[in-house]
Ligand SMILES: [Zn+2]
């Protein structure tokens, strides 16, 4: 059975322990005692060094803790080894974890929203609370109140009490026997096996980032301590980058983005209107210049498009709207083809194009007035063009 040093001393970062078992050629090490925290209760494991090796995972196997190392440690069963945990990582976990206790206590007592689940991630953390919604105003208020509680610098202490007689727990424990209880003076008593700071002032800043609806609950994303400061720095940098694009002050960015979005929508509307007008002018020119055959039908081949034939759709439509004309547009680069047929032309564009394409292994179709399709290659495209009685 491994003695868990972190149960009674969360600040122990350096310790010695005796090797009681070695597995996987010395890559899995079990000691009589350890300060390494194994992944449990949502809190991630500690990393660090054990003897000659780096600890890359720590696993809780009921009554023993397994240190997973990157290489076999040079020690035998019975040897005493030194362990050092990565204190920066651990202290970060202590800040996030204690911050969560404080936040959950406030959300339950101040708002009637008990915590349903908790997740601690590498970058950010979340609590899911039994609330149908949390408004942006409430987020601001909760953030102010939880930071005020942290600044009160309340004592956080650990006690071991019998499950049958322990009182005032936020959530009844389903365990029997001895419970490890973490108390934040005057605010919270919770059964918990994790590591915590000694006073709430050590949590530092608590930043609520955003809320999200989950199955019947609300998820709040939060970060504490140095992580909150690092996140605020990153946010400021991102906003600064956006502000430089606008050559503006960061405070003016939201207003500028809004104004620019409206302007882009306006310009897009103008662009569509102008393209429509341009197509009308081009259609008139092509109509006037086209030769009229014996049946009074104009046959117009549009210049090859650089891009997709659908870019020429408004022009084709504008010509066939004028009357008896058959219009063909092709795009040699994409193999695309479009056929338009106006009233009195005697051509059904959909039928004509479909049958010409089928003969050459292409596909497409459309209405009697407008049809489009594609061909496998330039040879087939030329054949389809010829079949429709056009030449480019
Ligand atoms: Zn805890």
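Would you mind calculating the relative contact order of region 188-301 from Cα pairs under 8 angstrom and at least 6 residues apart, reporting the percent as a whole number? Mind dumping the intermediate values first?
On the way: 61 pairs, mean separation 13.0, N = 114.
Relative contact order for region 188-301 comes out at 11 percent.
Would you work out the Kirkwood radius for the chain? I mean one over the mean of 1/r across all pairs of different Cα atoms, in Å. Don't skip to the answer; put the middle values down first.
Working: mean 1/r = 0.0361 Å⁻¹.
Result for the chain, one decimal place: 27.7 Å.
Rounded to two decimals, what is Rg over Rh for region 116-170 when you use alpha-carbon atoms and the Kirkwood radius?
Numbers: Rg = 15.5 Å, Rh = 14.7 Å.
Taking Rg over the Kirkwood Rh, I get 1.05.
Tell me the relative contact order for the chain as a rounded percent, counting alpha carbon contacts under 8 Å between residues six or more apart.
Values: 754 pairs, mean separation 36.1, N = 392.
9 percent.
Using label points projected 7 Å from each Cα along Cα→Cβ, tell me how many nm separate residue 198 and residue 266, to one decimal.
The modelled label-to-label distance comes out at 6.2 nm.
Put one equal scatterer on each alpha carbon of region 35-84, apply the Debye formula with no solvent term, and list log10 I(q)/I(0) at q = 0.16, 0.27 1/Å to two decimals.
The Debye formula, applied to the Cα set alone, gives -0.44, -1.08.
Let me know the Rg and Dmax you get for region 24-114 when you use only its Cα atoms, in Å.
Over region 24-114's Cα set, Rg and Dmax evaluate to 16.5, 55 Å.
Any number yet on Rg/Rh for region 350-392, C-alpha, Kirkwood? Each step should come with its number before you reach the end.
On the way: Rg = 9.4 Å, Rh = 10.1 Å.
Taking Rg over the Kirkwood Rh, I get 0.93.
How much FRET efficiency would the formula 1/(1 + (r/R0)^6) give for residue 243 and residue 210, where r is the Cβ-Cβ distance and R0 is 25 Å, rounded to 0.05? Write out the running numbers ahead of the final one.
Working: r = 21 Å, r/R0 = 0.85.
Between residue 243 and residue 210 the formula returns 0.70.
Could you work out which residue, out of 146, 245, 129, moves most in a Gaussian network model of the chain, that is, has the largest mean-square fluctuation with Cα springs under 10 Å?
245
Let me have the relative contact order for region 295-385, percent, based on Cα pairs under 8 Å that are six or more residues apart.
Working: 206 pairs, mean separation 21.5, N = 91.
Answer for region 295-385 is 24 percent.
Express the Stokes-Einstein translational diffusion coefficient of region 239-320 in µm² s⁻¹, to the nearest whole number, given a Kirkwood radius over alpha-carbon pairs, 25 °C and a viscosity of 0.890 mPa s. Write down the numbers at each step before the final one.
Working: Rh = 16.4 Å.
D, rounded to a whole number, is 150 µm²/s.
Just to verify a number: FRET efficiency for residue 157 and residue 226, C-beta to C-beta distance, R0 = 25 Å, to 0.05? Display every interim value, and only then the final one.
Working: r = 23 Å, r/R0 = 0.93.
So the FRET efficiency works out to roughly 0.60.
Every number in this text was worked out from the coordinates using simple rules, so none of it is lab data. No experiment lies behind these values; they were computed from the predicted model shown. Positions of Cβ are generated from backbone atoms using ideal geometry, with glycine treated the same way; all protein chains shown enter the neighbour counts.
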